[in-house]
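As structure tokens, the structure follows; a few thoughts come after it.
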């Protein structure tokens, strides 16, 4: 019995060395390689931008009189670069193999791992950034006056009955804690939004292609 066109296409898609439907194989191979290569380029540019920004924010923070912000942000950016290096090495290892479906499936696994890691770390990154900014404004320049203490002293002049905890305004501490809790709670969502802002187009194309391939394999 002669094979149907649908069967021929499926066989041609499933086997990289099949003689049937070679144009279909070539089309998916080219699309797969294009998507992965584009993501690699964007990911590399993003990592370079983080490194550059880390080395810019450090001297600028000293010039602006907020060195603690620069130092802590420099540490954060370098940590992000180290973590992203793990995924960079994984991306470099994947290469077109038996089929474009397996190639994209390997790539999709890495992307999902990257999204999970970014979501998890974002719950800590954003509270960390908030604390960094508070410390930067509070302590000001290294070895100089402490702006935070001067700020509290001025508040006490206007509000002598203000409640303090460890020398800090009670309501200010409660407000900061509330913001920290909100950032920790919504940090994962913020991280996903940040990631989608850069890579959403590629991720959607990836999901669409994998869905098409799975329909052909069905």
Checking residue 97 against (1) touching a helix residue (DSSP H, G or I) at 6+ places or on another chain (Cβ under 9 Å); (2) surrounded by 14 or more Cβ atoms within 10 Å (Cβ to Cβ); (3) under 28 Å from residue 32 (Cβ atoms); (4) modelled with pLDDT under 90, only one condition comes out false. Which one? (2)
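Before we move on, is residue 29 closer than 22 Å to residue 204 by Cβ and either modelled with pLDDT under 90 or loosely packed, with under 13 Cβ neighbours inside 10 Å (or both)?
On the way: closer than 22 Å to residue 204 by Cβ: yes; either modelled with pLDDT under 90 or loosely packed, with under 13 Cβ neighbours inside 10 Å (or both): yes.
Considered against the rule, which asks whether it is closer than 22 Å to residue 204 by Cβ and either modelled with pLDDT under 90 or loosely packed, with under 13 Cβ neighbours inside 10 Å (or both), residue 29 comes out as yes.
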Restricting to segment 189-218, name every residue that is closer than 14 Å to residue 114 by Cβ and surrounded by 13 or more Cβ atoms within 10 Å (Cβ to Cβ). 191, 192, 194, 195, 196, 198, 199, 202, 203, 206
If residue 169 passes every condition in (1) surrounded by 14 or more Cβ atoms within 10 Å (Cβ to Cβ); (2) touching a strand residue (DSSP E or B) at 6+ places or on another chain (Cβ under 7 Å) but one, which one does it miss? (2)
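Taking only segment 139-177 into account, find how many residues are under 30 Å from residue 78 (Cα atoms), modelled with pLDDT of 85 or more and either assigned to a strand (DSSP E or B) or touching a helix residue (DSSP H, G or I) at 6+ places or on another chain (Cβ under 9 Å) (or both).
Filtering segment 139-177 for residues under 30 Å from residue 78 (Cα atoms) gives 139-148, 173, 175-177.
Those left that are additionally modelled with pLDDT of 85 or more: 173, 175-177.
Narrowing further to those that are either assigned to a strand (DSSP E or B) or touching a helix residue (DSSP H, G or I) at 6+ places or on another chain (Cβ under 9 Å) (or both): 176.
Of the residues in segment 139-177, 1 are under 30 Å from residue 78 (Cα atoms), modelled with pLDDT of 85 or more and either assigned to a strand (DSSP E or B) or touching a helix residue (DSSP H, G or I) at 6+ places or on another chain (Cβ under 9 Å) (or both).
The values are calculated or read from the model by the stated rules, or taken from the named source; none is laboratory data. Since we're looking at a predicted model, the values are computed, not measured. Because the Cβ atoms are built from the backbone with ideal geometry, glycine has one as well, and the counts that use them run over all protein chains shown.
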